[in-house]
Amino acid sequence: MNLTIDIGNTRIKAGIYSGARLINVFNVEKASVAQLKAFINKYPFIDNATVCTSIDYPKSLKAFLQKNFKLVELSEKTKLPFKNNYKTPETLGKDRLAAVAGAEHLLPKKDVLVINAGTCITYDFIDRKGVYQGGAISPGLNIRFKALNTFTGRLPLIKANINYEGLAGKTTEESILSGVQQGIVEEIDGFINTYKNKYSSLQVILTGGSSAWLKKRLKNKIISEPFLTLTGLNVLLAFNLKGNKPKHS
């Protein structure tokens, strides 16, 4: 069994895999040995673990993982089951790499756009030849709300309201909701349409914390995979330990 851990800017997700099958998911705000132990206690047959992180994580957690499992930390030196055409691999977010690995595993030999709507919105493209061609990074939902409040004199800081669907806001709060939320929808649909103009058989996978409400709003057809990054980590772990990818379940 494999343990996969994705340490993001705001949340930590961990998954237990048996082969290619996801058994359970753990989601918390802070990484700690105690919380991880509580999660994996029921799974005594975990042999391997992998971590990708956007931030520094506790040394105690790393020591625990190294002591108890064969650990693979995702880095620019990690072997990949696809070609990486990114010019600065050392600066590429490891969660982006993992998501691409997950997409290539689920949709092999396809032109795939991976959209991860989390703290940031990332767009990553892998072509049908198995070459990762890079992508784009855009501010996520909460960053946009905070930016309007931080860099203006009078605009209030408001929270997302995914039930609000108005186009022309009748108050300042509604105007911000429309601008931020509808703006993200239009942005994502625009990116998809631009890629479709170049790659007619494009497949789109949507993941990340904001994906649940976005998939209801987007005009384009998408595949929703909430645990895509964890799946990609499992793929990369198997590839680096055994030189092959886990078979589809």
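Provide a single number: the residues in the stretch 79-121 that are more than 17 Å from Leu237 (Cα to Cα), touching an Asp or Glu at 6+ places or on another chain (Cβ under 6 Å) and assigned to a loop (DSSP other than H, G, I, E, B).
Within the stretch 79-121, residues that are more than 17 Å from Leu237 (Cα to Cα), touching an Asp or Glu at 6+ places or on another chain (Cβ under 6 Å) and assigned to a loop (DSSP other than H, G, I, E, B) number 1.
Test Asp124 against the criterion of being among the acidic types (Asp, Glu), outside any helix (DSSP H, G or I) and under 26 Å from Lys196 (Cα atoms), and give yes or no.
yes
If you check Leu202, Leu228, which single one turns out to be farther than 29 Å from Ser75 by Cβ and either surrounded by 16 or more Cβ atoms within 10 Å (Cβ to Cβ) or touching a helix residue (DSSP H, G or I) at 6+ places or on another chain (Cβ under 7 Å) (or both)?
Details: Leu228 fails: farther than 29 Å from Ser75 by Cβ.
Only one candidate passes the filter, namely Leu202.
For Glu73, state whether it is of a type in the set (Asp, Glu), at pLDDT below 95 and surrounded by fewer than 14 Cβ atoms within 10 Å (Cβ to Cβ).
Numbers: of a type in the set (Asp, Glu): yes; at pLDDT below 95: yes; surrounded by fewer than 14 Cβ atoms within 10 Å (Cβ to Cβ): no.
The answer is no for Glu73.
For Ile158, are the conditions met, namely being in contact (Cβ under 8 Å) with a residue 40 or more places away in the chain, out of contact with any His (no Cβ under 9 Å at 6 or more places or on another chain), on the phi < 0 side of the Ramachandran plot and surrounded by 14 or more Cβ atoms within 10 Å (Cβ to Cβ)? Explain how you work it out, then say what you get.
Numbers: in contact (Cβ under 8 Å) with a residue 40 or more places away in the chain: no; out of contact with any His (no Cβ under 9 Å at 6 or more places or on another chain): yes; on the phi < 0 side of the Ramachandran plot: yes; surrounded by 14 or more Cβ atoms within 10 Å (Cβ to Cβ): yes.
Criteria not met by Ile158.
Counting only residues that are surrounded by 18 or more Cβ atoms within 10 Å (Cβ to Cβ) and modelled with pLDDT of 90 or more, how many does the stretch 52-63 have?
Of the residues in the stretch 52-63, 1 are surrounded by 18 or more Cβ atoms within 10 Å (Cβ to Cβ) and modelled with pLDDT of 90 or more.
Exactly one of (1) over 22 Å from Leu241 (Cβ atoms); (2) crowded, with 17+ Cβ neighbours inside 10 Å is unmet by Lys42. Its number?
Lys42 satisfies all of (1) over 22 Å from Leu241 (Cβ atoms); (2) crowded, with 17+ Cβ neighbours inside 10 Å except (2).
Scan Ile126, Ile121, Ile143 and give me the residue that is over 27 Å from Gln203 (Cα atoms) and either modelled with pLDDT under 95 or of a type outside the set (Phe, Trp, Tyr) (or both). Spell out the reasoning first.
Details: Ile126 fails: over 27 Å from Gln203 (Cα atoms); Ile121 fails: over 27 Å from Gln203 (Cα atoms).
Of the residues listed, the single one that is over 27 Å from Gln203 (Cα atoms) and either modelled with pLDDT under 95 or of a type outside the set (Phe, Trp, Tyr) (or both) is Ile143.
Modelled with pLDDT of 95 or more, in contact with a Ser or Thr (Cβ under 7 Å, 6 or more places away or on another chain) and surrounded by fewer than 23 Cβ atoms within 10 Å (Cβ to Cβ): is that true of Asp111 in this structure?
Yes, satisfied.
Consider Lys221 against the criteria (1) under 21 Å from Ala103 (Cα atoms); (2) basic (Lys, Arg); (3) free of Cβ contacts under 8 Å to residues at least 12 places away in the same chain: it satisfies all of them except one. Which criterion is unmet?
Going through (1) under 21 Å from Ala103 (Cα atoms); (2) basic (Lys, Arg); (3) free of Cβ contacts under 8 Å to residues at least 12 places away in the same chain one by one, Lys221 breaks only (3).
Restricting to strands (runs of 3 or more DSSP E) lying wholly in the stretch 1-75: which have 1 or more residues that are more than 21 Å from the chain's Cα centre (by Cα) and of a type in the set (A, V, I, L, M)?
Working: elements: 2-7, 12-18, 21-28, 48-53, 70-73.
Where strands (runs of 3 or more DSSP E) fall fully within the stretch 1-75, none carries at least 1 residues being more than 21 Å from the chain's Cα centre (by Cα) and of a type in the set (A, V, I, L, M).
Conditions tested, residue by residue: (1) closer than 22 Å to Asp127 by Cα; (2) in contact with a strand residue (DSSP E or B) (Cβ under 7 Å, 6 or more places away or on another chain); (3) free of Cβ contacts under 8 Å to residues at least 60 places away in the same chain.
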site	(1), (2), (3)
Thr4	no, yes, no
Arg11	no, yes, no
Val33	no, no, yes
Ile46	no, yes, yes
Leu61	no, no, yes
Val72	no, yes, no
Lys79	yes, no, no
Ala99	yes, yes, no
Lys110	yes, yes, no
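Given the residues Thr119, Thr78, which is the only one that is closer than 30 Å to Val33 by Cβ, within 15 Å of the chain's Cα centre (by Cα) and among the hydroxyl-bearing types (Ser, Thr, Tyr)?
It is Thr119.
Considering only residues that are among the polar types (S, T, N, Q) and in a loop (DSSP other than H, G, I, E, B), look in the stretch 143-182 and name the one that is nearest to Asn9 (Cα to Cα).
So in the stretch 143-182, the residues among the polar types (S, T, N, Q) come out as 149-150, 152, 161, 163, 171-172, 175, 178, 181-182.
This time we only want the ones that are in a loop (DSSP other than H, G, I, E, B), so: 152, 161, 163, 171.
On the way: Thr152: 25, Asn161: 21, Asn163: 25, Thr171: 32 Å.
Among them, the one singled out is Asn161.
Looking only at residues in the stretch 20-51 that are over 21 Å from Ala99 (Cα atoms) and among the hydroxyl-bearing types (Ser, Thr, Tyr), which one is modelled with the lowest pLDDT? Before you say what the answer is, go through the steps one by one.
Initial filter on the stretch 20-51 (over 21 Å from Ala99 (Cα atoms)): 30, 32-47.
Applying the additional criterion that residues be among the hydroxyl-bearing types (Ser, Thr, Tyr) yields 32, 43.
Details: Ser32: 76, Tyr43: 88.
Top of the filtered list is Ser32.
Does Asn197 fit the bill of being at pLDDT 95 or above and in a helix (DSSP H, G or I)?
Working: at pLDDT 95 or above: yes; in a helix (DSSP H, G or I): yes.
Judged against the criteria, Asn197 is a match.
The values are calculated or read from the model by the stated rules, or taken from the named source; none is laboratory data. Note that the coordinates shown come from a computational prediction; the quantities given were computed from them, not determined experimentally. Virtual Cβ from ideal backbone geometry, glycine too; neighbours counted across all protein chains shown.
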